[in-house]
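Colleague: Encoded as structure tokens, here's the structure I'll be asking about.
The values are calculated or read from the model by the stated rules, or taken from the named source; none is laboratory data. Since we're looking at a predicted model, the values are computed, not measured. Because the Cβ atoms are built from the backbone with ideal geometry, glycine has one as well, and the counts that use them run over all protein chains shown.
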Amino acid sequence: MVDDSTPGPTDFGAELCAAFQQNLPITGVAVSAFPGMVPETPICASDAISARIDEMQFELGEGPRWTAMRTRRPVALPNVKSDGHPQWPVFAKALLTLDVSALFEFPLVLGSMDIGVVELYSTASGPLSPADHAKALQLADAAAWKLLRHLLTAAPLDATAPYRDDGPRLSRREIHQATGMVLAQAGVSATDALLLLRAHAFAQGRPVHEVARDVVGRILDFTPTGGGGGDGSVQ
């Protein structure tokens, strides 16, 4: 008998974390969704240490994940135990109690939207190789799209939800026009461009046609701001 049940949240999180573990020389990984569409939510953690790294930064309100989200660029701590971290003194001290020698934070961003953060750690010190860093950026981009779709699918879809295409017919023409503009700005497919519009509307608590009007009026732009390109690491 074929099991055609859809994967639950736990399955989704496990698959999201597994993609990083299977393709990078790391020990563990955690992924969290950030405020906007939903309150900050842990999506997955591959082990207890990954979960603790994520939890400590949330509880302390400091750490490299916050820098990664603020700057929208990766943050690398290749030598956790030997390097000083004056910008995160409390977190750095707490981190020394864990079997962590290197920590890498990658923000999950799509155009102008902040989706979440990926936290990678290793029990061996040293930076990611250029090839592994590039691979991590690719995986982070893929994870951002998967997480965005997951969050929107998990959200309640009713006729009054602000991110639904429920504007008048004229507004729907604006939505189609805006979709084309987002497609060009973000370099994505038409389907993903519309997904970005809906996600932004959901995050802002506004109807899609209002967000589309901002795009058409060039008030809102989805051109990537360089959050993940190149090396981009903040030491």
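Colleague: Condition check: surrounded by fewer than 19 Cβ atoms within 10 Å (Cβ to Cβ) and of a type outside the set (Ser, Thr, Tyr). Does residue 98 satisfy that?
Modeller: It is true that residue 98 is surrounded by fewer than 19 Cβ atoms within 10 Å (Cβ to Cβ) and of a type outside the set (Ser, Thr, Tyr).
Colleague: Something else about it: Output the residues belonging to the range 21-70 that are free of Cβ contacts under 8 Å to residues at least 12 places away in the same chain, among the small types (Gly, Ala, Ser) and either surrounded by 22 or more Cβ atoms within 10 Å (Cβ to Cβ) or farther than 27 Å from residue 129 by Cα (or both).
Modeller: 61
Residues are listed down the side, and each one gets a yes or a no for (1) surrounded by 22 or more Cβ atoms within 10 Å (Cβ to Cβ); (2) modelled with pLDDT under 95; (3) closer than 17 Å to residue 53 by Cα:
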position: 79; (1), (2), (3): no, yes, yes
position: 86; (1), (2), (3): no, yes, no
position: 93; (1), (2), (3): no, yes, yes
position: 112; (1), (2), (3): no, yes, no
position: 118; (1), (2), (3): yes, no, yes
position: 131; (1), (2), (3): no, no, no
position: 134; (1), (2), (3): no, no, no
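Colleague: Going by the conditions given, is residue 124 at pLDDT 90 or above, within 30 Å of residue 52 (Cα to Cα), small (Gly, Ala, Ser) and within 17 Å of the chain's Cα centre (by Cα)?
Modeller: When the stated conditions are applied, residue 124 does not pass them.
Colleague: Checking residue 12 against (1) in contact with a helix residue (DSSP H, G or I) (Cβ under 9 Å, 6 or more places away or on another chain); (2) modelled with pLDDT of 90 or more; (3) not in a loop (DSSP other than H, G, I, E, B), which test does it fail?
Modeller: (2)
Colleague: Only one residue in 203, 193, 178 is out of contact with any Gly (no Cβ under 8 Å at 6 or more places or on another chain) and either in a helix (DSSP H, G or I) or under 29 Å from residue 40 (Cβ atoms) (or both), so which one is that?
Modeller: Just a single option satisfies the conditions, and that option is 178.
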